[in-house]
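Inspection log for the structure reproduced underneath, given as structure tokens.
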Amino acid sequence: MKLMKLGSMIMLLFVALTGCKKTYDEPPYPEEPQLEANITIAQLLAKYQGSPLEITEDLVLKALVVGDDKSGNIFKKIFVQDQTGGLDIEIDANNIHNNYPTGSWVYIKAKGLTLGTYNGLLELGLGINTSNQPVRIPGAVIDKYLVKSYAVDVMKPVQLSINQLDNQYLSMLVELKDVQFDDSELSKTYANATNPASTQNRIVKDCNGNQITLRMSDYANFAGEKVARGKGSLVGIYTIFGTTKQFMVRDLEDMKDLTGDRCDGSSGGGDQSGSEELISISELRSKLAITSPNDTEVKLPANTKIKGIVVSSIANESQYNLRVQEKGGAGILVYVSSGGSNTFNLGQEVEINTSAQSLIVYNGDLELKVPLSNIKAVGTGAITPKTTTITEINSNINNWTSTVVKLENLTVTKGASNSSGLNYTLTATDGSIVTFVRTTSGITIPDNLTSITGYLSLYNGTKQLTVRTAADVVAGTGNPNPGGGNTATSLTEDFSTLTAGGNTASTGDNAPSGTKWSGNENFPTVESAYPAGGMVKLGTASLVGSITSKKLDLSGNGGNFKVKLDVKGWSAASGQIVVKTSYGQEKTVSFTAKMGDPLETYTLDFTGGTSETTVTISTISTSLRAFIDNVSIAK
């Protein structure tokens, strides 16, 4: 009986306990879209036959997002990829990565979308514009066409060399092996973060000289970072613009491997001003006697660097040379042994990594040989010239080469000329010295000099003084136009010496040179002007460009004179330039010729010419760049 009662109680307790057990709802798992891919990217791209194609079939692709706009380097688009190819999807929205981040799978419902090209790259958009190019899919309707999967994945990039890139890899994630930024890029940041306006080109090369253009947005969150100095692997999306192969990185992570030694053996480990010991230029020069035989060479110690001010001018020096002097001290000739020509201007302060580099006696002068990547601009400065005499120069020339001096009260004798320029002999009461002026420098030496300033050098025993700008030349009594001889009455300029670059494309071999023109005798004052295959290009995307003539005597013929020129514009927009005199009269030229068109010729009539008139030709805004050729100014 008692056992029965105890058993009943236990049973009741079990029922009570189990009846009180709580249950909780589990969170719902996201459901995968009820879609099934019925076409691959390669199959879709194959449908394009040269004209924009509106997709009318119920086609569905499944692809992985391999590039988004999170860093700001990719703008209003995503790149997707499957096992057969890649695709650029144009989307008119910001922060696309919030919905379609890299690594997410998406289904693309292609019916109603448009497949077309923009300068050679196939894109998927919605409709076309007046240029027959796909229009971005409006953000408000993007969910109609793109459906996100909740699966995530990582796409392994295709490993290629630059010369293996071809159309089958367009819009795909690619890893380029053993590449580095070109030497000319190493002093730059990835883009223009301080004054953002558009996109910058940065050149990447391999050790065989193959190259590709990296597109870097001024609005990328890494735009202000210094360009990676080393060699290694580079990851990004392969694209094309016309015939120019291009590459788009997604963020800094894509460039993290660019840390190895460069092709020339120099260090790629970040900022060159790291642990190197700063030595004086005097100490550097002490490593090798300037009186040693020509071609005597010594290797400099590891972990050393020098610092100084550039005292030479690109306009009146060999393209691979620069002269650097430390304040109050010695100077040295620096020869750029690889990586391009000198890009450093008069007055820039530079640091030069001299670790394991060569010091050599070349044509009787001391020369430091370094690759361009070993030179870094760190500021600006000025060297005060030493006022001296020919006698003092003769006594000290072995120590004074590549330093700035000033001579006073000289007479000038013209010497022999060659295809590059003209020699002069400068004579004082205690002796003479020679100078060579390049034709392209725009500098003229008058018959008498109150003073002349320049840096000293030796050429196989001949002492030389080289001027940098027209300001170095102060004419003596009797010269009506200091630094420029007698005033001319007319001017004709065909820019035939500006052979670098081209004038029919914005990128590639036919694009204008990226090296600024420093002017010539006819146009000694220039701003943002660039050689362009026998023409001059004025302006950039962020700067107005101009060229200003030398002084001309246009007072004859009642002050009436004509300016004749050929002009064409930059891209699709009609353009304007302004032609203005130094006394304020100006005329605007409106033209319609664009980059790929023949030049248009204009003749402008001016009045009020003076005995010292200059004429300036300039663009009127940064968006209206112009090519100029065949300028004549005459009464």
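The values are calculated or read from the model by the stated rules, or taken from the named source; none is laboratory data. In this text, all values refer to a predicted model and were calculated from it rather than measured experimentally. When we count neighbours, we look across all protein chains shown, and the Cβ atoms used for this are built from the backbone with ideal geometry, even at glycine. What goes into the accessible areas is simple: the full protein's heavy atoms, side chains included, and nothing from ligands, DNA or RNA. Shrake-Rupley method; radii C 1.70, N 1.55, O 1.52, S 1.80 Å.
List of remarks:
- The single condition among (1) surrounded by fewer than 19 Cβ atoms within 10 Å (Cβ to Cβ); (2) closer than 30 Å to Asn119 by Cα; (3) of a type in the set (Asp, Glu) that Asp251 does not meet is (1).
- Residues (under 15 Å from Arg229 (Cβ atoms) and surrounded by 18 or more Cβ atoms within 10 Å (Cβ to Cβ)) located in region 190-213: Tyr190, Arg202, Val204, Lys205
- The requirement of being open to solvent by 50 Å² or more (accessible area, probe 1.4 Å), touching a residue at least 60 places away in the same chain (Cβ under 8 Å) and at negative phi is fulfilled nowhere in region 441-450; no residue meets it.
- Some residue of region 183-190 being under 17 Å from the mean Cα position of the chain (by Cα) and under 28 Å from Leu64 (Cα atoms): yes
- Counting the residues of region 88-110 that are out of contact with any helix residue (DSSP H, G or I) (no Cβ under 6 Å at 6 or more places or on another chain), surrounded by fewer than 19 Cβ atoms within 10 Å (Cβ to Cβ) and more than 16 Å from Asn73 (Cβ to Cβ) gives 3.
- Of the strands (runs of 3 or more DSSP E) lying entirely inside region 274-380, the ones with 2 or more residues being charged (D, E, K, R) and either under 30 Å from Thr444 (Cβ atoms) or out of contact with any Gly (no Cβ under 6 Å at 6 or more places or on another chain) (or both) are found at 297-299, 304-310, 348-353, 365-370.
- Residue, most open to solvent (accessible area, probe 1.4 Å), within region 130-141, restricted to residues that are at pLDDT 95 or above and either within 16 Å of Ala63 (Cα to Cα) or in a loop (DSSP other than H, G, I, E, B) (or both): Arg136
- Selection of region 584-613 for residues being of a type outside the set (A, V, I, L, M, F, W, C), touching a residue at least 40 places away in the same chain (Cβ under 8 Å) and part of a strand (DSSP E or B) yields Thr603, Asp605, Thr613.
- Here the strands (runs of 3 or more DSSP E) wholly within region 178-268 that include at least 3 residues being over 27 Å from Gly103 (Cβ atoms) are 199-206.
- Inter-residue pairs, beta-carbon under 7 Å, first closer than 16 Å to Thr613 by Cα and in region 551-568, second modelled with pLDDT under 90 and open to solvent by 70 Å² or more (accessible area, probe 1.4 Å), 6+ apart: Lys551/Glu612; Leu554/Lys635; Gly556/Lys635; Asn557/Lys635; Asn560/Lys635; Phe561/Lys635
- Taking the criterion of being out of contact with any helix residue (DSSP H, G or I) (no Cβ under 7 Å at 6 or more places or on another chain), surrounded by 13 or more Cβ atoms within 10 Å (Cβ to Cβ) and closer than 14 Å to Asp254 by Cα, the residues of region 151-171 that qualify are Met155, Pro157.
- Filter result (open to solvent by less than 50 Å² (accessible area, probe 1.4 Å), touching a Phe, Trp or Tyr at 6+ places or on another chain (Cβ under 8 Å) and in a strand (DSSP E or B)) within region 402-435: Val404, Val405, Val412, Gly415, Gly421, Leu422, Tyr424, Val434, Thr435
- Count of residues meeting criterion [open to solvent by less than 30 Å² (accessible area, probe 1.4 Å) and touching a helix residue (DSSP H, G or I) at 6+ places or on another chain (Cβ under 8 Å)] in region 214-228: 3
- Single residue of region 304-340 satisfying the filter (out of contact with any strand residue (DSSP E or B) (no Cβ under 6 Å at 6 or more places or on another chain) and over 20 Å from Val437 (Cβ atoms)) that is surrounded by the fewest Cβ atoms within 10 Å (Cβ to Cβ): Gly328
- Failed item, numbered, when Ile74 is tested on (1) closer than 25 Å to Ser51 by Cα; (2) modelled with pLDDT of 95 or more: (1)
- Ser528 vs. criteria under 27 Å from Phe606 (Cα atoms) and under 17 Å from the mean Cα position of the chain (by Cα): yes
- A count restricted to region 570-600 and to residues that are open to solvent by less than 50 Å² (accessible area, probe 1.4 Å) and acidic (Asp, Glu) stands at 1.
- Candidate set from region 537-553 (those that are more than 19 Å from Ser518 (Cβ to Cβ) and aliphatic (A, V, I, L, M)); member that is least open to solvent (accessible area, probe 1.4 Å): Leu552
- Among the residues making up region 405-420, a single one is over 15 Å from Asp447 (Cα atoms) and in contact (Cβ under 8 Å) with a residue 60 or more places away in the chain: Val405.
- With respect to (1) more than 17 Å from Thr391 (Cα to Cα); (2) in a strand (DSSP E or B); (3) without any contact (Cβ under 8 Å) to a residue 60 or more places away in the chain; (4) not acidic (Asp, Glu), the lone exception for Ala471 is condition (2).
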